[in-house]
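Scroll down for the structure; my scribbles are underneath it.
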Amino acid sequence: MKKTCIIAAVFMVLSPLFAESSKPFGFDIGLASGGPVYGGSTNDSVSSITDMSGFKRIITGCNGDFFYSPVDQIHLFTGADTLADFLWNDNWYSYHIDYAFLFGAKVYPFPGGFAASAAYALGCRNDYYNTAGTGSVTSHAEWGNGFRFGVEFDFSKMLNQKYVPALGFYYRFMPRGNDMYDNVFAAYVSVEL
């Protein structure tokens with residue numbers, strides 16, 4: 001009896017792997033915003049602006065990926081995401097554009113649209129700032145090999161309708177060289193095309 005239950009459970013778990021996908025290829029595009037936590041000297045340019053009263057900040061980004069779904073529950077994807085962080089106060093500014101290329105998998109473990117993803121990330125960050133302590137500086141961080149973990153809820157899967165958005169959150173860890181790391185936290189809204 002115990003062997004029969006184990007075999008039945010294994011077949012139930014593996015059965016989605018042998019099903020056909022209703023849409024084997026697709027594309028997701030989305031808009032994001034979040035909170036990057038910079039490592040190293042970039043923190044100095046950010047804190048010199050945020051310490052001033054009346055500073056302004058906009059954090060915006062976009063993401064997109066091309067996916068292949070061997071089954072409805074698994075998306076193998078490649079894509080990119082970017083997050084731009086603009087801080088300014090009068091003549092002083094600190095602009096940072098972070099971008100990464102991704103390769104990973106998104107899994108829908110339950111019916112209803114909940115998904116979890118993990119991806120390899122290769123990325124860089126460009127910095128442009130003019131602060132009282134540094135003057136005008138243009139630089140870029142070294143390319144880093146990191147990772148991105150995310151969760152999302154895809155309402156189009158739940159409602160069985162096209163062009164209904166998904167809401168998600170991701171954390172991306174990016175080494176920047178010289179023992180410095182960036183941690184990027186972002187929320188996004190995306191649509192499958």
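The values are calculated or read from the model by the stated rules, or taken from the named source; none is laboratory data. Keep in mind the model is a prediction, meaning the values are calculated, not measured. Note that each Cβ is placed from the backbone with ideal geometry, even for glycine, and that neighbours are counted across all protein chains shown. Each accessible area value is taken on the protein alone, full model and side chains, heavy atoms only, with ligands, DNA and RNA left out. Shrake-Rupley method; radii C 1.70, N 1.55, O 1.52, S 1.80 Å.
Summary of computed values
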quantity: Residue check, T4 more than 30 Å from G177 (Cβ to Cβ), modelled with pLDDT under 70 and hydroxyl-bearing (S, T, Y); calculated: yes
quantity: Lone qualifier among K106, K23 - being in a loop (DSSP other than H, G, I, E, B) and either at pLDDT 90 or above or over 30 Å from H140 (Cβ atoms) (or both); calculated: K23
quantity: Residue satisfying all of: in segment 119-147; of a type in the set (V, I, T) and open to solvent by 70 Å² or more (accessible area, probe 1.4 Å); nearest to S47 (Cα to Cα) among these; calculated: T134
quantity: Residue match in segment 47-62 (condition: of a type in the set (V, I, T) and either touching a Cys at 6+ places or on another chain (Cβ under 6 Å) or part of a helix (DSSP H, G or I) (or both)); calculated: yes
quantity: Per-region count, segment 148-173, residues open to solvent by 30 Å² or more (accessible area, probe 1.4 Å) and within 30 Å of V46 (Cα to Cα); calculated: 6
quantity: Yes/no for N89 being among the polar types (S, T, N, Q) and open to solvent by 40 Å² or more (accessible area, probe 1.4 Å); calculated: no
